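Here is the structure we will look at.
Please treat every number below as a calculation from the coordinates, not as lab data. This is a predicted model, so every value here is computed, not measured. Here the Cβ positions follow ideal geometry from the backbone for every residue, glycine too, while neighbour counts run over all protein chains shown.
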Amino acid sequence: MKRLLACLLLLASSAALASEGHGLMYHAEYDLHDKASLQRGARLFVNYCMGCHGASMMRYSHVARDLGIPEKVAVKNLNFTGQKVGDPMITAMRPEDGKAWFGAPPPDLTVVARARGADWLASYLRTFYLDPKRPTGVNNLTFPDVAMPHVLWELQGWQRAVYAEDGKTIEGLELARPGKLDEAEYAAAVNDLVGFLVYLGEPVRLERLALGWKVILFLLLFSWLAWLLKKEYWRDVH
Ligand code: HEC
């Protein structure tokens, strides 16, 4: 019996360890109601990601409308690849070039937040670290041996791995060279970007959230009316 218990305990703890992964999982904090944050995320996405990735199931005009960006501003600030505002957000890079240059084609990111989850994305964007063994000079704790370079280095700076005593296990990351943003500012920028990616994966969610409140209001109103009606009926009975 004792042995069984010990086995179970061991299993439970190893499951806990496995789910923690490298222990550097970050939580993404974003708010789909916060249009300013989503707009900042959209700007980061267009500036830093669309050189390689597209979000081809989404149109610029749709983003502009949902995030409350006037179309003129959207054309000026979002649409660097010179497409029309009604066009889908495709990248200028051809997939075959991407594959040739990086060894793996940069995937379309329209629904990546649904596939990977927001916390995974935040962790991914925050755990690039210098690794001279990789062709890009960086590796990633969340996506080991990833082919993507650390495109946000200018903002985050460069991190290096801190190794445990065995010289192999990575215990954490530390800043080797600071970027334009400090740690908290970079975390906030990543949250904006992840919020935008979550929105991309499910744009109707914004509408659904707004609709949710209307439905609740309607139900409250309806319950109140029903209650009034009930009172009215029972008045005669009593
Ligand atoms: C210089 C080209 C380049 C740029 C710019 C770039 N990426 Fe990537 N990205 C790649 C490549 C190549 C891969 C494929 C990596 C692999 O499979 O090893 C990738 C993979 C990814 C993945 C993993 C997708 C998956 O589920 O496998 C995510 C998420 C991602 N990129 C997000 C971003 C974001 C967000 C930005 C902007 C901040 C960005 N990328 C900018 C080249 C790029």
Just to be sure I understand the rule: take each whole DSSP H helix in the chain, project its Cα atoms onto its long axis, keep it if the span is 15 Å or more and its mean Kyte-Doolittle hydropathy is at least 0.0. Which ones pass? 2-20, 183-201, 204-237
Run a plain Debye calculation on the chain (Cα atoms as equal point scatterers, no solvent) and give log10 I(q)/I(0) at q = 0.18 Å⁻¹, rounded to two decimals, same order as the q list. -1.38
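With a 10 Å radius around each residue's Cβ, average the other Cβ atoms per peptide and rank 123-135, 223-235, highest first. Show your work: numbers first, answer last.
Working: 123-135: 18.0, 223-235: 9.4.
Peptide ranking by packing, descending: 123-135, 223-235.
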How big is the gap, in Å, between the Cα center of the range 166-238 and the Cα center of the range 44-87? 24
Going by how many other beta carbons lie within 10 Å of each one, how would you line up S37, S56, fewest first? S56, S37
Looking only at M50, M58, M93, which one moves most when the chain is put into a Gaussian network model with springs between Cα atoms under 10 Å? M93
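Past 24 Å, Cα to Cα, is the threshold; run K76/K99; K35/K76; K35/K214; K133/K168 against it and keep the listed order. Walk me through the intermediate numbers first.
Numbers: K76/K99 30 Å; K35/K76 18 Å; K35/K214 19 Å; K133/K168 14 Å.
Violating the 24 Å Cα-Cα cut-off are K76/K99.
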